[in-house]
Amino acid sequence: MVKTAGPGASPATINDVARVAGVSIATVSRAIRQPEIVSEGTRRRVLAAVSEVGYTHNPAARALATGTNELLGLTVPSLTNPFLTPIVSGAQQAAEEHGYDLVITVDAAERDHQATLMARLRGRVAGLVAVSPRGASRVFADQARAQPLATVNRRISGVSSVVLDTSEGLRALGRHLTALGHRRIAYVGGPRGSRTDRERLRALEGVVHDAAGEVEALPIADPSFAAGTVIAKDVARSGCSAVIVYNSVVTVGLVHQLRLIGVGVPEDLSVACADDLTDAGLSIPHLTALHVPAHEAGYRAAAMVLGRLGRRRDSTAPQRAEHLLLPVQLVPGTTARRVDDATAGRTNGTAEASPGGGGAGTGSRRDAAAETRRADDGAMPPRRSGDGASPGGPPDGGEAARSTPAAAQPAAPRIRTTSSSGVWSKTS
């Protein structure tokens with residue numbers, strides 16, 4: 001029989017309650033915090049165990065008494081990017097299963113803020129999960145030596161990590177599109193400074209170049225619907241037969257604006273995305289995309305930290321960093337088609353209606369190509385606000401025209417590319 005802790009004894013833990021009640025830690029946590037979701041019998045058994053062992057669920061008081069707490073920290077770069085939602089949900093699930101509360105902090109854009117944020121969290125949470133962290137690697141290595149830490153989507157020496165293998169996913173997308181006959185593929189990436197995105201671009205370029213094709217990296221886009229609408233004009237003018245977008249929210253905005261300016265998907269342009277956001281309930285129906293296990297990534301990263309916390313209590317021996325690479329899955333949809341079919345639609349003079357938008361007669365990719373040629377010759381007049389012009393223009397960055405060899409793609413217009421002074425950098 002477990003006795004109530006007396007003066008000088010170590011305070012009872014949630015593990016003690018679970019052992020006495022004969023239930024899991026997660027059940028104890030739910031019985032205390034959300035009693036309405038457990039049965040009455042289970043709730044009474046847990047409360048009896050709480051009374052027997054003298055457990056007090058007061059994170060602040062327990063932290064003072066034991067020098068530890070039951071708070072798991074989670075840093076995210078934004079609260080507006082839906083891609084992060086399932087990651088947070090996964091971390092929350094793992095925290096609850098271990099009897100911890102999740103504390104979410106938004107990491108500011110300034111890189112110098114990282115060290116300050118890490119130092120502030122160090123004394124407030126027992127462990128930390130950093131999602132898509134920015135800043136110097138040494139900041140995270142120092143933090144990992146001070147407390148259990150895991151990163152999501154960034155691997156750092158000496159720091160446990162869970163990385164979504166979107167680089168291999170981009171290779172799969174590249175192989176899929178080149179198998180459909182596409183040889184000129186645009187890539188809309190982001191955000192600025194993202195190591196993961198640079199790796200994705202290099203992976204895509206490798207497989208497309210192997211198929212005697214080329215990739216045009218368009219200006220970096222923030223993960224927003226508006227960014228997708230702005231980049232649509234550049235995509236339409238690029239002369240590419242397909243585009244891959246790094247983010248589903250940007251893809252939704254892009255497809256919306258393409259349809260407004262008369263570019264059918266996939267009739268005139270094939271579209272694919274590096275994530276599908278099905279876990280967050282947001283996507284385009286039948287979108288050619290990568291299924292990314294974002295919820296699992298959050299869960300596994302949090303479980304790494306919580307596991308290290310448990311082992312830390314049992315042993316003072318140094319713990320090795322763990323690294324997990326989660327595979328992604330290509331899900332072919334109807335937004336990508338064979339380039340031969342798309343070319344036939346452009347050359348026979350038809351103006352196909354895009355599914356769900358723009359009816360017949362709204363124009364075709366051929367019209368966008370003609371506008372591109374006039375723009376390159378300096379003769380294209382500005383569009384009026386009511387004729388389907390894309391809101392705003394391309395982000396800062398110079399452009400230079402170059403000719404496309406006739407043998408490569410007979411129907412393609414001249415291609416506009418982002419110059420070395422633009423917003424995209426291919427250097428690592």
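Taken together, the values in this text are just the output of simple stated rules run on the coordinates, not laboratory data. Keep in mind that this is a model prediction, so the values were computed, not measured. We place every Cβ from the backbone using ideal geometry, glycine too, and count neighbours over all the protein chains shown.
Below are the figures for this structure:
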read-out	value
Ratio of the Cα radius of gyration of the stretch 202-297 to 2.2 N^0.38 Å, where N counts its residues	1.07
Sequence-distant residues sharing a close amide H with residue 214 (under 5 Å, placed H)	184, 185
Cα-centre dipole for the stretch 14-57 with unit charges at Cβ (Lys and Arg positive, Asp and Glu negative), debye to 20	60
Residues with amide H under 5 Å from that of residue 162, placed H, sequence gap 5 or more	151, 152, 153, 154, 324
Relative contact order %, the stretch 89-174, counting alpha carbon pairs below 8 Å whose residues are six or more apart	19
Order of 100, 55 under a 10 Å beta carbon neighbour criterion, fewest first	55, 100
Share of alpha-carbon pairs per 5 Å distance bin for the stretch 14-57, given as whole %	5, 31, 40, 21, 4
Over the stretch 14-57, relative contact order from alpha-carbon pairs under 8 Å, at least 6 apart, %	42
